[in-house]
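**Q** First, the structure itself, so that you have it in front of you.
The values are calculated or read from the model by the stated rules, or taken from the named source; none is laboratory data. Small disclaimer: the values here were computed from a predicted structure and weren't measured. Reconstructed Cβ throughout: ideal geometry from the backbone, glycine too, with neighbour counts over all protein chains shown.
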């Protein structure tokens, strides 16, 4: 019995990274905020690089609540989108070389988003990880946590509900 | 800012104008609000109206050109904070405890978004806020928000009660 040899690791890595960067670069607001993503397998960590323009209270100083909300929402949508596309990325069904902002698959849309501010955001880098608690054909529920220096000391968390795009093959 | 509450109408009006002036100075100096181009339209007596111009850098969906929900959140959060700061019973500084936003429809590409927040109740330590946002169609809101904010009162020691 013959078995197909495993796909070379650099091809797998390239396909995953290419898909992720197409998703990130397709959204101008992610660039405006200075948010990047670290990927380990299918696990994403969003990284918000500190910049003076992100300040909301110059007296403390603390980053703006809207920055925190944006960072959490961007992280949640990216996690959900990456997970939604993962099987297509892995199988090669999604042509990652042809991905442009115009040809990007439709992204989930936020229905509602609730941010819980636990402590003030310090003027330094922040990190976030999102967890998809439920992803159905139409709706998804995502929880996201953000921290700065200590993973155990969250400065904010959020829960959001999202409307999933109708996709080829899953269309109603 | 420790002016006493008074039933003298003229003095209360003067105090209200004072609060609004201080809140306006603070809001207009916020770096992130400036980065988003926010403009304070109205402020006073627990109500704030702030608008934000359309900017291609804030787009969340490249296919439609719709502004990212995060930028709308930032507008709502700023507007909510401003409403708290200009409430007659609140004092200068505030921070968001929680904020929930419902996105009712996408804001139309190219249009200015305006948020109006009302601080409808204040306790000793918490301010409750409701807000709505519109694009140039003022009959259908694009988003609604509810939030709780801290109320930081000065004590004689300068600490919080």
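**Q** Tell me which of these residue A:115 doesn't satisfy, since it passes every other one: (1) within 22 Å of residue A:48 (Cα to Cα); (2) outside any strand (DSSP E or B); (3) over 15 Å from the mean Cα position of the chain (by Cα).
**A** (2)
Residue-wise test of (1) facing chain A (nearest Cβ under 8 Å); (2) in contact (Cβ under 8 Å) with a residue 40 or more places away in the chain; (3) crowded, with 24+ Cβ neighbours inside 10 Å; (4) in contact with a helix residue (DSSP H, G or I) (Cβ under 9 Å, 6 or more places away or on another chain).
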| residue | (1), (2), (3), (4) |
| --- | --- |
| B:64 | no, yes, no, no |
| B:68 | yes, no, yes, yes |
| B:75 | yes, yes, yes, yes |
| B:80 | no, yes, yes, yes |
| B:90 | no, yes, no, yes |
| B:94 | no, yes, yes, yes |
| B:97 | yes, yes, no, no |
| B:101 | yes, yes, yes, yes |
| B:104 | no, yes, no, no |
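**Q** Same structure, new question: Suppose the filter is at the interface with chain B (Cβ under 8 Å from one of its Cβ atoms) and in a loop (DSSP other than H, G, I, E, B); does residue A:122 pass it?
**A** Details: at the interface with chain B (Cβ under 8 Å from one of its Cβ atoms): no; in a loop (DSSP other than H, G, I, E, B): yes.
No: the conditions fail for residue A:122.
**Q** If the requirement is being at pLDDT 95 or above and within 18 Å of residue A:124 (Cα to Cα), which of these qualifies: A:35, A:77?
**A** Values: A:77 fails: within 18 Å of residue A:124 (Cα to Cα).
After ruling out the rest, the residue left standing is A:35.
**Q** Could you identify the single residue in A:76, A:146, A:69 that is touching a strand residue (DSSP E or B) at 6+ places or on another chain (Cβ under 7 Å), in a strand (DSSP E or B) and within 14 Å of chain B (Cβ to nearest Cβ)?
**A** Values: A:76 fails: in a strand (DSSP E or B); A:69 fails: in a strand (DSSP E or B).
Within the list A:76, A:146, A:69, the selection yields A:146.
**Q** Restricting attention to the range B:122-147, which residues are part of a loop (DSSP other than H, G, I, E, B) and over 20 Å from residue A:116 (Cα atoms)? Write out each step before concluding.
**A** Taking the range B:122-147 and keeping what is part of a loop (DSSP other than H, G, I, E, B), we get B:123-125, B:135-142.
Residues satisfying the conditions are B:124, B:135, B:136, B:137, B:138, B:139, B:140, B:141, B:142.
**Q** Tally time: how many residues in the range A:94-112 are away from chain B (no Cβ under 14 Å), part of a loop (DSSP other than H, G, I, E, B), surrounded by fewer than 17 Cβ atoms within 10 Å (Cβ to Cβ) and in contact with a helix residue (DSSP H, G or I) (Cβ under 8 Å, 6 or more places away or on another chain)? Give the steps one after another, and end with the answer.
**A** Initial filter on the range A:94-112 (away from chain B (no Cβ under 14 Å)): A:94-98.
From what's left, part of a loop (DSSP other than H, G, I, E, B): A:94-95.
Still in the running and surrounded by fewer than 17 Cβ atoms within 10 Å (Cβ to Cβ): A:95.
Next cut, in contact with a helix residue (DSSP H, G or I) (Cβ under 8 Å, 6 or more places away or on another chain) only: none.
Looking only at that region, the number is 0.
**Q** Of the conditions (1) part of a loop (DSSP other than H, G, I, E, B); (2) within 22 Å of residue A:42 (Cβ to Cβ); (3) at pLDDT 95 or above, residue A:137 fails just one. Which one is it?
**A** So residue A:137 meets the others, but not (3).
**Q** I would also like to ask the following. Could you list, in sequence order, the residues of the range A:31-65 that are without any contact (Cβ under 8 Å) to a residue 24 or more places away in the chain, touching a strand residue (DSSP E or B) at 6+ places or on another chain (Cβ under 7 Å) and more than 12 Å from chain B (Cβ to nearest Cβ)?
**A** Residues satisfying the conditions are A:36, A:38.
**Q** Among the listed residues B:140, B:112, which satisfies the condition of being more than 16 Å from the chain's Cα centre (by Cα) and touching a residue at least 60 places away in the same chain (Cβ under 8 Å)?
**A** Numbers: B:140 fails: touching a residue at least 60 places away in the same chain (Cβ under 8 Å).
From the options B:140, B:112, the qualifying one is B:112.
**Q** Follow-up. Looking for whichever is surrounded by fewer than 20 Cβ atoms within 10 Å (Cβ to Cβ) and either on the phi < 0 side of the Ramachandran plot or in contact with a strand residue (DSSP E or B) (Cβ under 8 Å, 6 or more places away or on another chain) (or both) here; the options are B:14, B:23, B:35. Which one fits? Walk me through it before giving the result.
**A** On the way: B:23 fails: surrounded by fewer than 20 Cβ atoms within 10 Å (Cβ to Cβ); B:35 fails: surrounded by fewer than 20 Cβ atoms within 10 Å (Cβ to Cβ).
When all the criteria are applied, what remains is B:14.
**Q** In the range B:67-121, what residues are in a strand (DSSP E or B) and either more than 19 Å from residue A:110 (Cβ to Cβ) or modelled with pLDDT under 95 (or both)? Reasoning before the result, please.
**A** So in the range B:67-121, the residues in a strand (DSSP E or B) come out as B:67, B:96-103, B:113-121.
B:97, B:114, B:116, B:117, B:118, B:119, B:120, B:121, listed by residue number.
**Q** Would you pick out the residues in the range B:25-50 that are part of a helix (DSSP H, G or I), more than 8 Å from every other protein chain (Cβ to nearest Cβ) and touching a residue at least 40 places away in the same chain (Cβ under 8 Å)?
**A** B:26, B:27
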